[in-house]
Amino acid sequence: MDIKCIIIDDEPLAIKVIENHLQEFDNITVVATFNNPITAIQLLESEKIDIIFLDINMPKMNGLEFVKSLALKFNIIITTAYREYAVESYDLDVIDYLVKPISFNRFLKAINKTTQKIAVQRGIQQEKENKDSYIFLKVDKKLVKILFDEILYIESLKDYIKIFTTTDSYLVHKSLTSITEELPGKRFLRIHRSFTISLDKVKSIEGNSVDINLKRIPIGRKYINQAKQIILNVNE
């Protein structure tokens, strides 16, 4: 099971300690390190991260304030020199709370706890993807069954989304973030702040855009590298 993580800490030495501990785990990759939470937001929006190692006392934004600001739920391990934030941290449903200096044995316990949770999360998601082939959405006061196989792409329209299928289109009062989370991750991909696409419906890629059913859809700058890699792998 491959796991991706990031480290957020304003102390270079603290980052180095975590990186050294992680070298013992072949399946865990450090995607990036940051010296304040704000700089990590763009990556979290564009790439799937399994674990966040997070310090608390940092400039610009406190680590706990950062957790509260996140729209999505992440597996977070707090790494701090202060014990007094432990209760507040667990109220935010963090996985573990490590007090510096962090010994390897204590670090290993946190990793084992977190990897077990990730395995459960992925198992539930995989079961859902294998089981479901459609979704019911409220359209004009009625629930409409929409097959995943028929979805071409989804466009965000402020407080609504428009789902384009092979046979029709549907206007739904829902956010693009919300609907994307409900769709099977292996079949659908958000490529722009305003568009989520069906991967197997992509006919071609040209520059920073894809063609689906004669519609040219832009790929956002922050999504471009990951989007092209995933699309090309799916269509190989």
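The values are calculated or read from the model by the stated rules, or taken from the named source; none is laboratory data. The structure displayed is predicted, hence computed values, not measured ones. Cβ atoms come from the backbone with ideal geometry, glycine included; neighbour counts cover every protein chain shown. In case anyone asks, the SASA skips ligands and DNA or RNA and just uses the protein heavy atoms, side chains included. Shrake-Rupley method; radii C 1.70, N 1.55, O 1.52, S 1.80 Å.
Step through the table entries Lys4/Lys113; Lys16/Lys228; Lys138/Lys186; Lys4/Lys109; Lys141/Lys174, compare each Cα-Cα distance with 20 Å, and write down the pairs that go over it. It would help to have the intermediate numbers written out before the result.
On the way: Lys4/Lys113 15 Å; Lys16/Lys228 32 Å; Lys138/Lys186 24 Å; Lys4/Lys109 18 Å; Lys141/Lys174 13 Å.
The pairs that break the limit, which is 20 Å between Cα atoms, are Lys16/Lys228; Lys138/Lys186.
Taking only DSSP H segments of four or more residues, each worth -39500 (n - 2.57), what value at 222 nm results for the chain once the sum is divided by all its residues, to the nearest 500 deg cm²/dmol? So the helix-based figure for the chain works out to -9500 deg cm²/dmol.
Computed with a 1.4 Å probe over protein heavy atoms only, the accessible surface of segment 48-90 comes to 50 Å² per residue.
Considered as an equivalent ellipsoid built on the Cα gyration tensor, the chain has semi-axes of 37, 19, 17 Å, the largest given first.
In segment 76-91, whose amide N lies under 19 Å from the spot 7 Å out along Cα-to-Cβ of Leu13? List them in ranges. Only 79-83 pass the distance filter. When the accessible area of the chain is computed with all protein chains present and a 1.4 Å probe, what percentage of it is carbon and sulfur? Carbon and sulfur together cover 50 percent of it.
What the Cα convex hull of segment 1-141 gives, in volume per residue, is 139 Å³.
Using a cut-off of 12 Å between beta-carbons, work out the net charge of the residues near Ala110 (Lys and Arg +1, Asp and Glu -1, Ala110 not included). Kindly include the intermediate steps, with their values, before the conclusion.
Values: positive: Arg106, Lys109, Lys113, Lys117; negative: Asp96.
Around Ala110, the charge tally is +3.
In segment 9-68, Rg over Rh equals 0.95, where Rg is the alpha-carbon radius of gyration and Rh the Kirkwood radius from pairwise Cα distances. The accessible area of Val139, taken with all protein chains in place and a 1.4 Å probe, comes to roughly 10 Å².
Please give the charge dipole size of the chain, origin at the Cα centre, charges +1 on K and R Cβ atoms and -1 on D and E Cβ atoms. Round to the nearest 20 debye. Could you put the intermediate results ahead of the total?
Working: 33 positive and 32 negative charges, 127 e Å.
Using only the charged Cβ atoms, the result is roughly 620 debye.
Between the residues Thr165, Ile95, Phe66, the greatest Cα displacement towards the positive end of the dipole of the chain, with unit charges on the Cβ of Lys, Arg, Asp and Glu, is found for Thr165.
Express the relative contact order of the chain as a whole percentage, based on alpha carbon pairs under 8 Å and six or more residues apart in sequence.
Numbers: 343 pairs, mean separation 25.4, N = 236.
So the answer I get is 11 percent.
If R0 equals 30 Å, the separation of the Cβ atoms of Asp168 and Thr39 corresponds to a calculated FRET efficiency of about 0.10.
What segment 122-235 shows is 61 Å² of accessible area per residue, with the surface traced by a 1.4 Å probe over protein heavy atoms. Computed over segment 106-220, relative contact order equals 15 percent, with contacts defined as Cα pairs under 8 Å that lie 6+ residues apart.
Residue ranking by accessible heavy-atom surface, 1.4 Å probe, largest first, among Thr167, Thr29 comes out as Thr167, Thr29. Partner aspartates and glutamates whose Cα lies under 14 Å from the Cα of Lys215, excluding those fewer than 8 positions away in the same chain, are identified as Glu155, Glu206. Note on exposure: Leu199, Leu171 ranked by accessible area (1.4 Å probe, complete protein assembly) read Leu171, Leu199, with the most exposed listed first.
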